[in-house]
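The structure under discussion appears below in the form of structure tokens.
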Amino acid sequence: MLSFFLVFLHDLFSVHISSHTTHNLLYPTSLKLDVDSLQGFSVDLVPYDVKTTIPEEHTDAEILVTWTNSADNLKDAAARLKDIKWIQSLAAGPNDVLSAGFDTSKVTVTTGSGLHDHTVAEHALGLLLNAARRFYEMRDYQLQSKWPGHLGGPQPDRPANAFTTLRDARVLIWGFGNIAKSLTPHLRGLGAQVKGVARNAGIRDGVEVYGEDKLAELLPKTDALVMILPGSESTKNALNAARLKQLPKHAWIV
């Protein structure tokens, strides 16, 4: 992630940083950063520890880079950094920064969208394979030094009303953004039938993406539901009891 981040930060600096004014920039020690690579911009680079509150002598900072900051420390920063103009979160979304209470009418908030696409997609794929191939059950028996017969030997090929393989599995991705676009080729490579759900319907990277008004039709025909929704008030309780009941009993949710 680091090399991608450096290019990412360089591009952002080029857009947001004036070459005529020196700005104080706080960057987190939770990120291993080659500070020399960021020289040449009109910034004073100041490291800070995300595990503690920002020292008083650095509360005049105009730019804050966040990564793994606690919610309490971000709230403290929102209250004390009166000169802050720009916050660069390295998370995929701005939720943690927005929840902290920064005044977004005065502060530009940018995110690390794109930094985590491949790793999160890989993680989601691993969880789906774990569910389909029952690795979780194998692990439980392995810890008991057991290997029961039902986990090996001949197995039915794609039985109805079961999720045992990604081949021909009906995978529905709810929240079809960059991570979904990274995940889809891997799913299709293993034979899955992929559909998407988003606020706006259409074709994205060759995938049919439906509006959320079609969920009642799609969920009953889903073997695995992958949720990649941003955390916000509009998505709170999106997967409620009514929608859970619409899924087949054998369906898995990632």
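The values are calculated or read from the model by the stated rules, or taken from the named source; none is laboratory data. Note that the structure is predicted; figures quoted are calculated from it, not measured. Virtual Cβ from ideal backbone geometry, glycine too; neighbours counted across all protein chains shown.
In this entry, Asn200 is excluded by the filter for residues that are on the phi > 0 side of the Ramachandran plot and loosely packed, with under 15 Cβ neighbours inside 10 Å. Does at least one position in the range 143-161 carry a residue that is within 26 Å of the chain's Cα centre (by Cα), over 18 Å from Leu219 (Cβ atoms), surrounded by fewer than 17 Cβ atoms within 10 Å (Cβ to Cβ) and in the same structural domain as Lys249 (by TED's automatic domain parsing)? Taking every residue of the range 143-161 in turn, none turns out to be within 26 Å of the chain's Cα centre (by Cα), over 18 Å from Leu219 (Cβ atoms), surrounded by fewer than 17 Cβ atoms within 10 Å (Cβ to Cβ) and in the same structural domain as Lys249 (by TED's automatic domain parsing).
Residues that are closer than 19 Å to Ala251 by Cα, among the acidic types (Asp, Glu) and in a helix (DSSP H, G or I) within the range 112-170 comprise just one, Glu137.
Taking the numbered list (1) surrounded by fewer than 18 Cβ atoms within 10 Å (Cβ to Cβ); (2) in contact with a strand residue (DSSP E or B) (Cβ under 8 Å, 6 or more places away or on another chain); (3) modelled with pLDDT of 95 or more in turn, Val46 passes all entries but (3).
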